[in-house]
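Report on the structure given below.
Values quoted throughout were computed directly from the atomic coordinates according to the rules given, and no laboratory measurement underlies them. Worth saying up front: this structure is predicted, and the values here are computed from it rather than measured. Note that each Cβ is placed from the backbone with ideal geometry, even for glycine, and that neighbours are counted across all protein chains shown.
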Amino acid sequence: MNNVIITAALVGAELTRKKTPYLPLTPDEIADSARLCVEAGAAVVHIHVRDTKGSPTNDPKIFREVLKKIKQRCRPIPIVQFSTGGSVKDSFESRMKPLEANPDMASLNAGSVNFGNEVFANPLPFVKKLALQLKKKKIKPEIEIYDLSHLETAKQFLQEGFIESPAHFQFVMGVKGGIEATEENLKLLISRLPQKSTWTVAGIGRHQFPMVELALKWGGHIRVGLEDNIYLEKGVLAKGSYELVAKAVELAKHYGKNAASSAEAKEILWAV
Ligand code: KMH
Ligand code: ZN
């Protein structure tokens, strides 16, 4: 199949309206952003939510509301992936909460990493607990890899049965403190993947579109969206994640690929 899965990361936990006025905050804004991204070609939406003050929260009630609105408004209905990464300040307990709303997928951050001046903590007992909860609830993990060691951990978890095959990986490249966003590093990560895996790349900031092109070149899937990058081009703010999705669709065409629908993405990710 020559289709590429485009994931749109709509909100994030670090971004503020000061940085871009186009950041969706309320459930209605998030669902509308999802609708525009689906219309532009996204098959998966990666979701964080905010409270009434616009601060990141893991409140399952808000996740449930967003899920409901996305299902009402988007055609086709995308694969909905909730974040269990939350923000660097969140407790481990609260990061499990979004799973109560039963998304199709959830992120599973495979290890700790420096995150700018903060530490994004993912100690292995917590990662295992989260992985087991995903398995129990039949929620597909997207395993987030910020460095090579995280991939080795994920492979260990696969062998031990905490994660099921086929596994799906997200290489998050260009975080300050994580693996650098280069072609050599991407090739290294690909070479270390377990068999039958699927993978996608999220390039952070100015690395977003160069990494999209490299993922297309090397047969992976792609993630764009305001969570990772707010600029459509140098100095020009994207008016929403949908503009970034539309740009990714155009780039995919240059590589002879079409954006996968959510049904096609399901076939690819669940290998059905
Ligand atoms: N906000 C970052 C600390 C995820 O969604 O799983 C983590 C993050 C990853 O956004
Ligand atoms: Zn996220």
Most fluctuating residue given options Glu29, Glu152, Glu160, as computed from a GNM of the chain linking Cα atoms under 10 Å: Glu160
Point-to-point label distance, Glu100-Arg206, nm (Cα→Cβ direction, 7 Å offset): 4.3 nm
Cα centre as origin, Lys/Arg/Asp/Glu Cβ charges: the chain dipole, Debye: 520 debye
Members of Lys68/Lys196; Lys135/Lys247; Lys69/Lys187; Lys18/Lys68; Lys128/Lys253 lying beyond 30 Å, as alpha-carbon distances in this model show: Lys68/Lys196; Lys135/Lys247; Lys69/Lys187; Lys128/Lys253
Unit Cα scatterers, Debye sum, the chain: log10 I(q)/I(0) for q = 0.08 Å⁻¹: -0.27
Nitroxide proxy distance, nm - points 7 Å out along Cα→Cβ at Asp28 and Glu14: 3.1 nm
Fraction of antiparallel bridges per DSSP, region 1-121 only, in percent to nearest 5: 35 percent
Nearby aspartates and glutamates by direct alpha-carbon distance to Lys89 (threshold 16 angstrom, same-chain neighbours under 8 apart not counted): Glu14, Asp51, Asp59, Glu118
Cut-off under 5 Å, modelled amide H: who pairs with Ile47 long-range: Gln81, Phe82, Ser83
Of all DSSP beta bridges in the chain, antiparallel share, percent nearest 5: 20 percent
For region 90-101, 3J(HN,Hα) per residue [Karplus equation, 6.51 cos²θ - 1.76 cosθ + 1.60, θ = phi - 60°, Hz, x = Gly/Pro]: 6, 6, 4, 4, 5, 5, 7, 4, x, 5, 4, 8
Stretchable slack from Thr182 to Lys234, in nm (0.36 nm times residue separation minus alpha-carbon distance): 16.8 nm
Contour excess over end-to-end distance, with Cα ends at Lys136 and Lys71 and 0.36 nm allotted per residue: 21.1 nm
